[in-house]
1. Picking from A:Tyr118, A:Tyr162, A:Tyr138, which residue would you name as being within 7 Å of chain B (Cβ to nearest Cβ) and under 16 Å from the mean Cα position of the chain (by Cα)?
2. Could you check, for the stretch B:145-166, whether at least one of its residues is modelled with pLDDT of 95 or more, in contact with a Phe, Trp or Tyr (Cβ under 6 Å, 6 or more places away or on another chain) and not small (Gly, Ala, Ser)?
3. For the stretch A:85-104, what are the residues that are of a type outside the set (S, T, N, Q), at negative phi and either facing chain B (nearest Cβ under 7 Å) or not in a helix (DSSP H, G or I) (or both)?
4. Report every pair of residues separated by at least 6 positions or lying on different chains whose Cβ atoms are under 7 Å apart, first residue within the stretch A:59-84 and more than 7 Å from chain B (Cβ to nearest Cβ), second of a type in the set (Ser, Thr, Tyr).
5. Looking for something free of Cβ contacts under 8 Å to residues at least 40 places away in the same chain, within 7 Å of chain B (Cβ to nearest Cβ), over 19 Å from A:Phe67 (Cβ atoms) and not in a helix (DSSP H, G or I) - is there at least one such residue anywhere in the stretch A:105-115?
6. Could you please give the count of residues in the stretch B:150-168 that are within 22 Å of A:Ile92 (Cα to Cα) and not in a loop (DSSP other than H, G, I, E, B)?
7. Examine the stretch A:17-36 for a residue that is within 27 Å of B:Ala80 (Cβ to Cβ) and either in a helix (DSSP H, G or I) or at pLDDT below 50 (or both), and state whether such a residue exists.
Amino acid sequence: MKNTQENFVVSPSAPDLTPEQKPGVQNEQRNPENVANLGRYLIVGVLFGIVFVKAEIISWFRIQEMFRLDSFHMYGVIGSAVMVGMLSIFLIKKWNAKTLSGDKITIAPKTFQKGQIYGGLLFGLGWALTGACPGPLYAQIGSGFLVVIITLLSAMLGTWTYGYFRERLPH
Amino acid sequence: MNFLELIRQPWPWYIAGPLIGLTVPALLIIGNKPFGISSSLRHACAACVPANISFFKYDWKAESWNLIFVLGIALGGFIATQFLADPNAIVIASDTQQDLAALGITDFSGLMPADLFSVENIFNFKGLIFFVFGGFLVGFGTRYAGGCTSGHAIMGIANLQWPSLVATICFMIGGFVGTLVLLPWLMGLVG
């Protein structure tokens, strides 16, 4: 794995921003996004949203079952998603697969910072209360649970507040 | 049983999980995009209220694919609920039902608990806790952690990134504490 990883372009990033915190840098995509591709992202999103609803991942109760260890469902979903994702990335690297437009596929590494601990714990608390990580929030709203719009707006406010205080927070 | 009846049933984890995992190569192959959803909240902030904060001063339009992707998720939620809905009530583990009933959550008929996620709760203490406070923690926590379940737990671990494993363990610890400690305490407060 180590050897194949070295073939990957590590995107430059400012020292104070981890790659995942610096959009636009992590993917060295020089071509402007074409409309056909935007349509493709929409379709992937639609399929993804359908899976979220049909596997009841958007259900507050499923998240409760997970954190009460009363059901294997969510562990099975996340675990098998990781396995398939891992195999996919392994094959993409092994075969040196290209994007549809022929560009090299690069994945920025995640840099450790203490925010992953503090922020992770805070997000976990929110996950238990709202029964949703960000993805299901969108699917819940689409499913007609319109009160979740308040949750989404508050999540935006939370993200904004993080941005406002970012330099004063331990990382 | 015809095909429509079949897909209207709840999908098991071994169908749903691999399909979610396939989102990772799909986004990489379409346009070299890393799977991640919480970033959309940041892009929305950068687009709507950047307020001269350096964290929101970047070319969010270059990341508009992510906003379109989450729009698709909402649209997919609409399609699944309108056309593919399971006619039967959701089946919830009896242990979870008992635990929640002890906290005053007794309506198990929908995907979301009607005791909490109803319009009349928007302007009361329950709404403040479950929508406003809960949502704030999700938005603040994911950005502080640099990703959510998709960006860290799935994309990050799939790419063998140990910081993502640390983040995911912390998501789970927070979730257990939130469910077993914070939720009973808050439900006691709201009565």
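1. On the way: A:Tyr118 fails: under 16 Å from the mean Cα position of the chain (by Cα); A:Tyr162 fails: under 16 Å from the mean Cα position of the chain (by Cα).
Going through A:Tyr118, A:Tyr162, A:Tyr138 in turn, just one is within 7 Å of chain B (Cβ to nearest Cβ) and under 16 Å from the mean Cα position of the chain (by Cα): A:Tyr138.
2. There is at least one residue in the stretch B:145-166 that is modelled with pLDDT of 95 or more, in contact with a Phe, Trp or Tyr (Cβ under 6 Å, 6 or more places away or on another chain) and not small (Gly, Ala, Ser).
3. Taking the stretch A:85-104 as the starting set, the residues that turn out to be of a type outside the set (S, T, N, Q) are A:85-87, A:89-95, A:97-98, A:100, A:102-104.
So of that shortlist, the ones also at negative phi come out as A:85-87, A:89-95, A:97-98, A:100, A:103-104.
Answer for the stretch A:85-104, where residues must be of a type outside the set (S, T, N, Q), at negative phi and either facing chain B (nearest Cβ under 7 Å) or not in a helix (DSSP H, G or I) (or both): A:Gly85, A:Met86, A:Ile89, A:Ile92, A:Trp95, A:Ala97, A:Lys98, A:Leu100, A:Asp103, A:Lys104.
4. These pairs meet every condition: A:Met66/A:Tyr75.
5. Looking for residues that are free of Cβ contacts under 8 Å to residues at least 40 places away in the same chain, within 7 Å of chain B (Cβ to nearest Cβ), over 19 Å from A:Phe67 (Cβ atoms) and not in a helix (DSSP H, G or I), one finds at least one in the stretch A:105-115, hence yes.
6. 13
7. yes
Conditions (1) modelled with pLDDT under 95; (2) under 27 Å from B:Ala101 (Cβ atoms); (3) out of contact with any Asp or Glu (no Cβ under 7 Å at 6 or more places or on another chain); (4) not hydrophobic (A, V, I, L, M, F, W, C), marked per residue:
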{"site": "A:Phe52", "(1), (2), (3), (4)": "no, yes, yes, no"}
{"site": "A:Phe72", "(1), (2), (3), (4)": "no, yes, yes, no"}
{"site": "A:Val77", "(1), (2), (3), (4)": "no, yes, yes, no"}
{"site": "A:Lys94", "(1), (2), (3), (4)": "no, no, yes, yes"}
{"site": "A:Gly119", "(1), (2), (3), (4)": "no, no, yes, yes"}
{"site": "A:Leu122", "(1), (2), (3), (4)": "no, no, yes, no"}
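The values are calculated or read from the model by the stated rules, or taken from the named source; none is laboratory data. Keep in mind that this is a model prediction, so the values were computed, not measured. We place every Cβ from the backbone using ideal geometry, glycine too, and count neighbours over all the protein chains shown.
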